[in-house]
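The values are calculated or read from the model by the stated rules, or taken from the named source; none is laboratory data. None of the values given here were measured: they were computed from a predicted structure. Neighbour counts are summed over all protein chains in view; Cβ atoms, including those assigned to glycine, are modelled from backbone coordinates with ideal geometry. Heavy atoms of the whole protein, side chains included, go into the accessibility calculation; ligands, DNA and RNA do not. Shrake-Rupley method; radii C 1.70, N 1.55, O 1.52, S 1.80 Å.
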Amino acid sequence: MNPLAPGLSWLDLQFLGRPHAIASVVLQSAGSVAVIDPGPSTCREALDLGLQRQGVQWRDVTHILLTHIHLDHAGATGGIIAEHPHVRVAVHERGAPHMIDPSKLVASASRLWPGEMERLWGDVRPVPEKNLTILSGGEQLEAGGRTFEVAYTPGHASHHVSYFDRSSGTAFVGDTAGMSIDGGYVLPPTPPPDIDLELWRESVARIEAWSPSALFMTHFGLVTAVRTHLQSLLDNLAATAAMVRVSLEAPGTDEERSARFAEHVRREMRRGMTDGQVEAYGLSAPFHLLWLGLARYWRKRGVA
Ligand SMILES: [Zn+2]
């Protein structure tokens, strides 16, 4: 159990047996328990065990809050609802259709992770429409004994929201504030297909406007140096985007370009981190996919 504030804690889902790759958040009060981003189906055992250790039964859980529908955050949701149909699921309006019918989501993920779907993410089951609380951003949401402010925070994904708990000062930002494992390199996860640099910068400004005292990131954990962290994210996003833009004009195939980019990112990160830590980033955000997402962004804008 990793307490953040009274009634607020996180658990490590031990994704593929690795610590500090994917986290879930648990909010507890007498009448209501909420889980933010339950993770992929392959971590379901770790999730159940983590909840149990905190004295939580699924029958006590009233809400699942999704920051976005990527499988490393939301893949387990349908399976949970099949077993516990009383749980409500909050999701952005653009993500909702893909929770009801995940076939396109699964097809798109299968293109990014060919032959790896079962090992990485496991089962992806539909969520009945009646279980959904559909968000567009700007609303308030009561869950886990708290009132969350909801903000639409696209850039990483077009269906991304962030949740702010003003009582603890913590903003739950999914992937919008990037990844930083053990306080290391702040990596902007930029997989296809939704990357949008302008929207991402606006989303960061929206999070900053809350003046949070801490950010909670799915990958991985709590950051209290909020301004420094968000500045590093914006700097690294600009740098990796520029690198991909330049690579589009370099000779070679996309495969070669993305391999060179991946090697560069890996080298940068190894300066301050162990191989194991660098690998934990690559589990959810393989570096060649980060190139692909940014290349798609530039090509949509007619670059190269
Ligand atoms: Zn994501």
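Per-structure values
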| read-out | value |
| --- | --- |
| Positive dipole terminus of the chain, leading residue within A250, F216, F172 (C-beta point charges) | A250 |
| Equivalent ellipsoid, the chain (semi-axes from 5 times Cα gyration tensor eigenvalues, Å) | 30, 20, 19 |
| Residue-averaged 222 nm ellipticity for the chain, from DSSP H runs of 4+ at -39500 (n - 2.57), nearest 500 | -11500 deg cm²/dmol |
| Phi-based couplings in Hz for region 210-215 (Karplus 6.51, -1.76, 1.60; Gly and Pro marked x) | 6, 6, x, 8, 8, 10 |
| Antiparallel bridge percentage (DSSP; both residues within the chain; nearest 5) | 65 percent |
| Whole-Å distance, taken between Cα centres, linking region 1-80 and region 156-193 | 16 Å |
| Accessible area of the chain belonging to carbon and sulfur atoms, whole % at 1.4 Å probe | 51 percent |
| Fluctuation leader among G184, G17, G50 - the chain, Gaussian network, Cα springs under 10 angstrom | G17 |
| Nearest-20 debye value, region 60-155 charge dipole, Cβ charges on Lys, Arg, Asp, Glu | 180 debye |
| Degrees separating the helix 226-249 axis from the principal Cα axis of the chain, which is the longest one | 40 degrees |
| Shape category assigned to region 97-211 from the gyration tensor of Cα positions, a/c cut at 1.5 | oblate |
| Computed Rg/Rh of region 233-304, alpha carbon atoms with Kirkwood Rh | 0.98 |
| Å² per residue, accessible surface of the chain at 1.4 Å | 41 Å² |
